Amino acid sequence: MFDRNYSGREVSRRQTLAAVTGATVSGLAGVPTTVVGDSGREKRVTILASGDESRETVTVSKRWYRHKQQAIKVKEAMSRQFLGEGSIHSVGIESSDTVVGDLRGKRVRVTADPEGDVSALDAVPSAVEGIPVRTVEEERPRQTACYNDRRDDVDGDGENEFLGGMAFEGMKNIDDGGDAVEAGTLCCPVQYNGGTYMLTARHVISGDVCKTPGITESDYGWGRTGNNEDSVTPFGFVEAALPDYDAALLTLESSDLQDFSGRITDEPDAEVVGRVTGDGIDTLASYPATTVCKRSRKTCATSGTIVSSRLTFKYDCGPFGDEQKEYGQVRTSATQEKGDSGGPVYLPINDSSGTDELYLLNVATRNYGSDDYAQGSSADILHDQEDISFGSEKYY
């Protein structure tokens, strides 16, 4: 999809789309107006990164970039104002069919559950400071075996490693004989607080994402492997649970197992070496059809395009738990079903002159709408807000 850029050479890709008529403008307090510059001026942005290292760049027009930054400001202001009003459950950014500079423009998307009070949508303006706003009535995203084995000897040394995209069972109080509350999928190994852990969905090992009174992090349980309940292999503990991102980090403790592999099931020639950046998500979503891949327990290998990004999603925990907000989510058109939770969504980069690479887009934790679109927090926000690094180990 992109040319290699390890020598620092700039990569440029242009797409021109048919423009359509823009929306009307109305104001929202606290959102500054951006003066859009000459569309001929260019800005280089990093779209793929590993740690603090830029791995891939593209050039975009400054006009589009400033428009995109303005859309982010409007989205954040509208999240503060409208999220939680009536049945409004999410505010995010999506691409439109309007050309801005050289790419598809952005608009804000405000969504309310039709089963609740949708009247709050009436107060949502059709545009704010030049950014179109679309209101939608759709149900809330929902929390959500295809492999020959749940473990694999990746490097042929006779020992098993855990790969991203592999199935596992989440257990609550397994040492007390508790039953499995969810089945889910491993995402990929990450670096956190000086250690290496496996990333997955928090609700797979805790039952849900709510902060239920009386449940602590140490109660969330173990991950385990094996299809026979009488002969299971616990592989580790929960190192950290991140309710703002429906994410959990698992240790590897079992003497049966060697390590967490950076590879993903059915991607034998590549490892996760980094993440798609926030600028990268915005840019790739504005291309006509950038394909991303997803691998998980139930739906196996699927793919799709970026539908919406920078989503702030509000989750009602009912009378017994604190209300949750999940940040920086990305929605793709790849299918998500129960059992897929925790699986990786990623961008593969095929390099004819070197080793193929995978860049994590997001961890899939929910499905959305009648098409069961995959949704979950981006790797970029996990990196920026929780200091989780993807692919920071030496490349092989």
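Where a number appears in this text, it was derived from the coordinates with a stated rule and is not lab data. All figures in this text were calculated on a predicted structure; none of them were measured in a lab. Heads up, the Cβs are rebuilt from the backbone with ideal geometry, glycines too, and the neighbour counts pull from every protein chain shown.
Cβ crowding within 10 Å, taken as a proxy for footprinting-reagent exposure, orders 192, 368, 346 from fewest neighbours to most as 192, 368, 346.
Ranking of 142, 63, 263, 275 by neighbouring Cβ atoms within 10 Å, starting from the fewest: 142, 63, 263, 275.
Within the shell of other residues whose beta carbon sits under 9 angstrom from the beta carbon of residue 264, the net charge comes to -1, with Lys and Arg scored +1 and Asp and Glu -1. Distance between the 7 Å Cα→Cβ label points at residue 371 and residue 119: 3.3 nm.
Taking each of 106/294; 75/338; 43/75; 73/106 in turn, the alpha-carbon distance tops 19 angstrom for 106/294; 75/338; 43/75.
Taking the beta-carbon count within 10 Å as an exposure proxy, list 356, 269 from fewest neighbours to most. Present the calculation step by step, with values, prior to reporting the outcome.
Numbers: 356 15, 269 11.
If I rank by nearby Cβ atoms, fewest first, I get 269, 356.
Phi-derived couplings, Karplus 6.51 cos²θ - 1.76 cosθ + 1.60 at θ = phi - 60°, listed residue by residue for the range 330-346: 10, 10, 10, 7, 5, 6, 10, 10, 4, x, 7, 4, x, x, x, 10, 8 Hz, with x used for Gly and Pro.
What does the highest-first list of 100-112, 118-130 look like by mean Cβ count within 10 Å? Don't skip to the end; give the middle numbers.
Values: 100-112: 24.5, 118-130: 16.6.
Ranking the peptides 100-112, 118-130 by packing returns 100-112, 118-130.
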